[in-house]
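J.: I'd like to ask some things about the structure below.
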Amino acid sequence: MTLPTQEDEPTKSTVTKESMLVKPKLKGDWPNIFLLLLLYIMQGIPIGIVTVIPILLQSRQNITYKEQALFSIAGWPFSLKLLWAPLVDALYIQKIGRRKSWLIPVQFLMGIGFFYMANDINDLLPEKGKPSLLKLVIVFFITTFMAATQDIAVDGWALTLLRKNNVGYASTCAAMGQIIGTMISAVSFILFTSEDFSNKYLRITPNVGGIVTVQSLFFVWGTFFIAITTLIAIFKNEKDNRLEDNHVKLNTFQNYMLLWDILNLPSVKILAIALLTAMIGFASTDSVVTLKLIDAGIPKDSIMIIQTGMYVIKIITPMIAVKYTSGPKPISLYLNVTPIRLLCNTLFGLLIYYTPEIIKNNGIIDIPMYYYAILLIVQLIHDIQLNIMTVALIAFYYRISDARFGGTYMTLLTTLSNLGTLWAKSAAIGLVDVLTFKECSFDSKNNCSTSNLQNMCKLKGGDCIVIVNGYYVESVVFTIFGIIWYFIFKNILKHLQSKSPSHWLVNSKIQESENDKNAYVMNVKT
């Protein structure tokens with residue numbers, strides 16, 4: 001049969017252009033808002049850990065940029081979740097709930113995973129010596145896989161958990177929740193386990209180690225996940241999806257075919273190209289700047305303190321931006337911020353260039369307070385722009401997604417944007433070494449391209465001097481690409497935003513049994 005579209009059967013829950021313009025009213029939806037926020041906070045905890053481990057590795061100076069690029073694979077499940085999203089939409093136990101059938105076991109497994117890491121983290125990430133990089137990638141890839149699966153379920157649930165006129169607030173919950181979770185895990189992982197930071201800011205009497213250990217953190221997170229998931233399983237009932245208007249039950253194969261149907265929508269094809277290439281312009285700034293600051297001599301604790309302040313800004317920004325992102329034109333806000341954010345690439349390039357000169361006094365690192373003020377201001381400008389763009393984009397996804405297949409539809413869109421971000425970041429990190437050219441100070445024929453050549457140079461009393469810094473090369477190239485992207489897609493994305501919701505609805509021919517048809521007819525009539 002042909003799935004009903006807006007023109008076929010308008011019902012009380014069908015998304016129309018008029019319903020998209022209805023003013024949000026949160027009365028009665030506050031408990032669901034808080035639940036969504038909590039679920040996204042839980043999602044942010046493993047994301048935060050994966051985010052800060054590269055900072056920890058770089059600060060120990062026992063890892064290359066190519067190895068950093070390898071660890072970035074741990075974050076790829078959020079870009080690959082499209083492969084199993086149809087399973088999450090199609091397979092569930094009706095008595096438990098369409099979304100809870102996945103949410104509950106996945107969050108329990110994440111809690112168990114944290115208990116495992118509490119036991120083995122010292123072997124994976126030792127204080128001294130080379131980390132077990134491959135094992136580290138595998139363990140955190142699995143953890144991120146679980147978080148990505150939880151994201152599929154939560155995104156799909158958000159479309160039906162909130163009233164249609166409030167669905168724009170789901171993006172605010174996602175942005176704020178992920179940031180809060182990321183902040184909690186990142187700050188505790190880097191700062192609270194740091195002996196220097198704890199003795200300087202958190203203790204009266206200096207002592208050995210941080211105020212908490214990494215093992216205890218993982219144990220606390222594991223306990224938190226198990227406890228919250230148990231409460232949700234017992235006390236939160238999920239609406240029977242069979243009672244939803246225009247409900248259509250698809251099997252696993254049909255859900256995978258649904259992906260093809262969504263991708264075949266002309267509007268989605270154009271949007272996909274834009275999303276897969278949108279983040280190239282910002283990749284060097286987003287992925288390499290922090291590592292370059294650590295290389296220059298900025299302590300990881302200082303960077304983490306600044307980033308902690310940025311987390312507060314990231315939490316506040318969605319609350320301010322929601323006035324604009326919950327409206328009918330979130331993409332316009334996204335496009336208005338894009339050129340300003342591209343300009344920030346230049347600011348960060350100048351900051352990286354002058355950092356060694358500013359923070360060193362007679363060869364000794366002595367960081368003046370005005371440098372931290374400059375770094376804070378530049379980071380503040382960048383992060384506000386990044387969060388506005390993120391919230392605007394997610395709000396657009398919630399508005400155009402077909403709620404009947406919410407998990408699959410939302411996952412497709414977020415996967416495209418995640419994939420566009422991660423492949424650009426991985427390429428940016430990996431290209432730094434490729435585009436960097438060095439020369440031994442005592443032997444111009446030695447280009448220091450391998451560890452053996454670098455050791456040979458040091459044995460002769462020389463240093464490997466950077467002739468061309470790959471960061472600056474790729475920053476210029478990526479920024480130019482970003483400018484070209486902006487002029488190509490500016491009007492295209494504005495046109496997509498103005499299209500009627502019917503352009504985004506799936507009209508796929510799916511064969512159903514006669515019983516399914518009768519059930520559907522009864523459902524609509526009631």
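J.: Please verify whether the range 473-485 includes one or more residues that are of a type in the set (S, T, N, Q) and without any contact (Cβ under 8 Å) to a residue 24 or more places away in the chain.
T.: no
J.: Assuming Ile138 fulfils every condition listed in (1) closer than 22 Å to Gln58 by Cβ; (2) at pLDDT below 90 apart from one, which condition is it?
T.: All conditions pass for Ile138, except number (2).
J.: Then there is this: Could you check the range 326-355 and list, in sequence order, the residues that are open to solvent by 50 Å² or more (accessible area, probe 1.4 Å) and either under 14 Å from Lys292 (Cβ atoms) or touching a Leu at 6+ places or on another chain (Cβ under 8 Å) (or both)?
T.: Across the range 326-355, the qualifying residues are Pro328, Leu347, Leu350, Tyr353, Tyr354.
J.: So, one more: Does the range 352-373 contain any residue that is in a helix (DSSP H, G or I), under 27 Å from Ala274 (Cβ atoms) and in contact (Cβ under 8 Å) with a residue 24 or more places away in the chain?
T.: no
J.: May I pose another question? Among the numbered criteria (1) touching a helix residue (DSSP H, G or I) at 6+ places or on another chain (Cβ under 6 Å); (2) under 30 Å from Asp123 (Cα atoms); (3) among the aromatic types (Phe, Trp, Tyr), which one does Tyr256 miss?
T.: (2)
J.: For the range 83-96, enumerate the residues that are assigned to a helix (DSSP H, G or I) and open to solvent by 40 Å² or more (accessible area, probe 1.4 Å).
T.: Leu83, Leu87
J.: Within the set of pairs 6 or more residues apart or between chains, which connect a residue that is more than 23 Å from Lys100 (Cβ to Cβ) and assigned to a loop (DSSP other than H, G, I, E, B) inside the range 237-266 to a residue that is modelled with pLDDT under 85 and β-branched (Val, Ile, Thr) with Cβ atoms less than 8 Å apart?
T.: Short answer, once both residue conditions are applied: Leu265/Val506.
J.: Is the range 476-496 home to any residue that is open to solvent by 30 Å² or more (accessible area, probe 1.4 Å), at pLDDT 80 or above and basic (Lys, Arg)?
T.: yes
J.: Which condition number in (1) among the hydrophobic types (A, V, I, L, M, F, W, C); (2) closer than 30 Å to Trp157 by Cα; (3) loosely packed, with under 15 Cβ neighbours inside 10 Å is the one that Ile377 fails?
T.: (2)
J.: In addition: Pairs needed: first member in the range 48-61, farther than 19 Å from Ala175 by Cβ; second member anywhere, open to solvent by 40 Å² or more (accessible area, probe 1.4 Å) and in a helix (DSSP H, G or I); C-beta distance under 6 Å; at least 6 residues apart or different chains.
T.: As it stands, the answer is Ile55/Lys300; Ser59/Lys300, since those pairs meet every condition given.
J.: Which of the residues belonging to the range 328-351 are of a type in the set (A, V, I, L, M) and either outside any helix (DSSP H, G or I) or touching a Lys or Arg at 6+ places or on another chain (Cβ under 8 Å) (or both)?
T.: Ile331, Leu335
J.: Related question: Before we move on, is Thr160 closer than 23 Å to Ala395 by Cβ, open to solvent by 20 Å² or more (accessible area, probe 1.4 Å) and not charged (D, E, K, R)?
T.: It is true that Thr160 is closer than 23 Å to Ala395 by Cβ, open to solvent by 20 Å² or more (accessible area, probe 1.4 Å) and not charged (D, E, K, R).
The values are calculated or read from the model by the stated rules, or taken from the named source; none is laboratory data. Source: prediction; values computed, not measured. Please note: Cβ atoms are built from the backbone with ideal geometry, for glycine as well, and neighbour counts cover all protein chains shown. Protein only, heavy atoms only, side chains kept; ligands, DNA and RNA dropped before computing areas. Shrake-Rupley method; radii C 1.70, N 1.55, O 1.52, S 1.80 Å.
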